Amino acid sequence: MPIRLLTPDDAPAYLALRREMLVDSPLAFASSPGDDRFRDEGVVREFVSHARQAIVGAFADDGGLVGSVGLRAGHRAKMGHRAHVWGVYVSPPARGRGLGEAMMRRAVAVAAGWGGVTSVALSVSARSHAAIAVYERVGFRAWGVEPGAVVLDGACVDEVHMVMMLDGARVAGSVTPSARPGR
């Protein structure tokens, strides 16, 4: 199955997949169908048109979009060295074929190509054991858990925060004694 960066022309296909992901896996996403910023075709077209942000897509043999990974680099001067993965999803009929891992590897490669990016981060529902395993295979490591990060139907769900350091950047969690808070 082809994996490539989405273009503005892919916006309608992405909107359909985005609606599917928010309904199929509500605990995996902070957005809901009613408050999702990517429910508008113009927003998707604009997002994929800007430098240092992208959506990686996996396509079925018939050309339909069956998976995606969103990616953006920090836009503030002090955060431009960090990229963030969001919106990772593979449609149920396409699961079990390695598409999630392949899209994640492509997303990391894209981020590594953006000048100055030294890390790629993401957060994932603590209940998404399969997704966590994929991220670990790609090279992400957990650095913390946020209790009750998402609440759905009154149930609190923790989020696992993960990071992958690129090209010999300092290992996540390593803090020099003089840099520790309160010192």
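Taking the criterion of being under 16 Å from the mean Cα position of the chain (by Cα), farther than 23 Å from S125 by Cα and surrounded by 18 or more Cβ atoms within 10 Å (Cβ to Cβ), would at least one residue in region 25-37 satisfy it?
No.
Give region 39-87 a look and list any residue that's in a strand (DSSP E or B), without any contact (Cβ under 8 Å) to a residue 60 or more places away in the chain and of a type in the set (A, V, I, L, M, F, W, C), or say none.
A54, I55, V56, A58, F59, L65, V69, L71, A73, A83, V85, W86
What do you reckon, is V117 at pLDDT 95 or above and either on the phi > 0 side of the Ramachandran plot or not small (G, A, S) (or both)?
no
What's the total number of residues in region 133-166 that are surrounded by 17 or more Cβ atoms within 10 Å (Cβ to Cβ), over 18 Å from R82 (Cα atoms), at pLDDT 90 or above and of a type in the set (A, V, I, L, M)?
So the count comes out to 1.
Considering P8, P33, P12, which residue is touching a residue at least 40 places away in the same chain (Cβ under 8 Å) and not hydroxyl-bearing (S, T, Y)?
Just one listed residue meets the conditions, P8.
Just to be sure before I move on: is G96 loosely packed, with under 15 Cβ neighbours inside 10 Å and under 22 Å from M1 (Cα atoms) in the structure I sent?
Here the answer is yes, as G96 does meet what is asked.
In region 112-147, which residues are touching a His at 6+ places or on another chain (Cβ under 9 Å), closer than 19 Å to G74 by Cβ and in contact (Cβ under 8 Å) with a residue 40 or more places away in the chain?
Correct list: V117, T118, S119, V120, A121, L122.
Could you list, in sequence order, the residues of region 87-108 that are at pLDDT below 95 and closer than 22 Å to M165 by Cα?
Answer for region 87-108, where residues must be at pLDDT below 95 and closer than 22 Å to M165 by Cα: just G87.
Among the residues of region 113-146, write down those that are aromatic (F, W, Y) and within 15 Å of the chain's Cα centre (by Cα).
Y135, F140
I need the full set of residues from region 47-93 which are hydroxyl-bearing (S, T, Y) and surrounded by 15 or more Cβ atoms within 10 Å (Cβ to Cβ), in order please.
Filtering region 47-93 down to residues hydroxyl-bearing (S, T, Y) leaves 49, 68, 89, 91.
S68, Y89, S91, listed by residue number.
Just one of (1) at pLDDT 95 or above; (2) under 27 Å from A149 (Cβ atoms) trips up F59, so point out which.
(2)
The values are calculated or read from the model by the stated rules, or taken from the named source; none is laboratory data. Because the structure is predicted, anything quoted here is derived from the model rather than measured. Glycine also receives a Cβ, built like all others from the backbone with ideal geometry; neighbour counts cover every protein chain displayed.
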